[in-house]
Amino acid sequence: MVKISTHKIEVSVSVMYWQQSSSPKDNHYFFVYFISIKNNSNYSVQLLKRHWDIFDSGSDKRVVEGEGVVGETPILEPGESFEYNSGCNLSSEIGYMKGFYTFNRLLNNTEFEVEIPKFDLIVPSKLN
């Protein structure tokens with residue numbers, strides 16, 4: 001698991017290779033990542049957008065941007081957490097992801113970015 005805190009918003013990520021949805025003979029490797037976002041600030045915040053940089057050793061860098069996460073734009077009160085999972089496919093056995101969320105501080109309608117820590121996407125057999 002990797003974890004980082006920006007503006008008192010903590011983002012934790014764990015990842016696993018999903019063999020059932022992968023096809024190595026077709027250069028298709030699928031990973032599932034689990035994210036927990038915790039509001040350690042004294043303010044209510046809302047997640048508005050996501051930005052992902054996806055690096056695949058078998059192809060060019062991809063950028064994925066959009067509103068919210070998994071169809072939601074959650075509001076987190078102080079001390080609250082939000083968890084979700086999603087997936088990423090690569091054309092090679094090794095890559096990584098990193099990015100940021102755009103949040104809104106509801107008290108004064110101020111937007112700010114929260115870093116998503118870099119996490120590796122590696123087929124387990126490559127770790128030996």
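The values are calculated or read from the model by the stated rules, or taken from the named source; none is laboratory data. Because the structure is predicted, anything quoted here is derived from the model rather than measured. We place every Cβ from the backbone using ideal geometry, glycine too, and count neighbours over all the protein chains shown. Side chains are part of the model used for accessible areas, which takes the heavy atoms of the whole protein and leaves out ligands, DNA and RNA. Shrake-Rupley method; radii C 1.70, N 1.55, O 1.52, S 1.80 Å.
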Subset of segment 38-61, residues surrounded by 15 or more Cβ atoms within 10 Å (Cβ to Cβ), more than 15 Å from PHE112 (Cα to Cα) and either without any contact (Cβ under 8 Å) to a residue 24 or more places away in the chain or in contact with a Phe, Trp or Tyr (Cβ under 7 Å, 6 or more places away or on another chain) (or both), comes to PHE55
Restricted to segment 14-37 and to residues being more than 14 Å from CYS88 (Cβ to Cβ) and assigned to a strand (DSSP E or B), the residue least open to solvent (accessible area, probe 1.4 Å) is ILE37
Of the residues in segment 109-128 that are open to solvent by 80 Å² or more (accessible area, probe 1.4 Å) and free of Cβ contacts under 8 Å to residues at least 12 places away in the same chain, the one that is farthest from the chain's Cα centre (by Cα) is ASN128
Contact list, first residue from segment 62-74 and under 12 Å from PHE103 (Cβ atoms), second anywhere and open to solvent by less than 20 Å² (accessible area, probe 1.4 Å) and hydrophobic (A, V, I, L, M, F, W, C), beta-carbon distance below 9 Å, six or more apart or interchain, is GLY68/LEU47; VAL69/ILE35; VAL69/ILE37; VAL69/LEU47; THR73/LEU47; PRO74/ILE37; PRO74/LEU47
A careful count of residues in segment 62-108 that are assigned to a strand (DSSP E or B), touching a helix residue (DSSP H, G or I) at 6+ places or on another chain (Cβ under 9 Å) and open to solvent by 50 Å² or more (accessible area, probe 1.4 Å) gives 2
